[in-house]
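Note sheet for the following structure.
The values are calculated or read from the model by the stated rules, or taken from the named source; none is laboratory data. Here the structure is a predicted model, which is why all the values come from computation and not from measurement. Methodologically, a virtual Cβ is constructed for each residue, glycine included, from the backbone with ideal geometry; neighbour enumeration extends over all protein chains shown.
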Amino acid sequence: MVNINRIVAVVDDDESVRRALKRLLHSFGIQVETFPSGEAFLSTLSSGASCHPACVIVDFQMPGIDGLELQRRVGPTGVPIVFMTVHDDPAVREKAVKRGAAGYLKKPLDDAALIRAVEKALELPVLAQSELSTNFS
């Protein structure tokens with residue numbers, strides 16, 4: 001089943017990364033919403049705002065809520081998560097994959113690998129949109 005909702009959320013504390021990923025994904029016809037932190041992303045979801053992503057690309061290492069914590073909170077919704085990180089720690093990678101990560105990529109990102117991971121994630125079924133704004137604590 002292919003998701004008809006092709007909004008991808010990009011969560012990264014680096015504005016230049018958010019901007020570059022938004023341009024890249026737009027060039028493939030994918031709508032993007034960007035967030036500077038895990039807290040901002042979760043706040044938007046819990047507020048019932050119109051952003052209900054089909055996939056989340058998240059930087060593992062961020063101040064506040066890091067990628068693994070974001071995955072823990074979003075996991076029950078079924079929204080696939082693609083991790084990106086500068087520090088490839090095998091223990092962290094293993095934990096993310098065991099929790100169902102749709103991808104785990106090292107920075108600097110290989111554009112083709114990122115697009116493949118996102119396209120794969122967009123093909124995964126996602127729970128009903130009404131379930132996306134619950135269970136974020």
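Checking the condition under 25 Å from E123 (Cβ atoms) and in a strand (DSSP E or B), which residue from V10, V79 passes?
Exactly one residue qualifies, and that residue is V10.
For the stretch 15-30, a residue qualifies if it is surrounded by 13 or more Cβ atoms within 10 Å (Cβ to Cβ) and within 17 Å of A40 (Cβ to Cβ), and the qualifying residues are V17, R18, R19, L21, K22.
For the structure I just gave you, tell me whether K95 is out of contact with any Asp or Glu (no Cβ under 8 Å at 6 or more places or on another chain), over 20 Å from H26 (Cβ atoms), among the charged types (D, E, K, R) and at pLDDT 90 or above. So K95 passes the test. The requirement of being part of a loop (DSSP other than H, G, I, E, B) and touching a Lys or Arg at 6+ places or on another chain (Cβ under 7 Å) is fulfilled somewhere in the stretch 49-59, by at least one residue. Close Cβ contacts (under 6 Å, 6 or more residues apart or on different chains) running from residues in the stretch 63-80 that are at negative phi to residues that are among the aromatic types (F, W, Y) comprise G67/F60; G67/F83; R73/F136.
Scanning the stretch 58-88 for residues that are touching a Gly at 6+ places or on another chain (Cβ under 7 Å), under 20 Å from R116 (Cα atoms) and at pLDDT 95 or above returns V58, D59, V82, F83. Within the stretch 115-137, the only residue that satisfies the criterion of being surrounded by fewer than 19 Cβ atoms within 10 Å (Cβ to Cβ), touching a helix residue (DSSP H, G or I) at 6+ places or on another chain (Cβ under 8 Å) and modelled with pLDDT of 90 or more is I115. The residues in the stretch 72-93 that are under 11 Å from Y104 (Cβ atoms), surrounded by 14 or more Cβ atoms within 10 Å (Cβ to Cβ) and either in contact with a Lys or Arg (Cβ under 7 Å, 6 or more places away or on another chain) or small (G, A, S) (or both) can be counted, and the count is 2. Taken over the stretch 31-57, the criterion of being surrounded by fewer than 22 Cβ atoms within 10 Å (Cβ to Cβ), at pLDDT below 90 and at negative phi is satisfied by T44, S46, S47, A49, S50, C51, H52.
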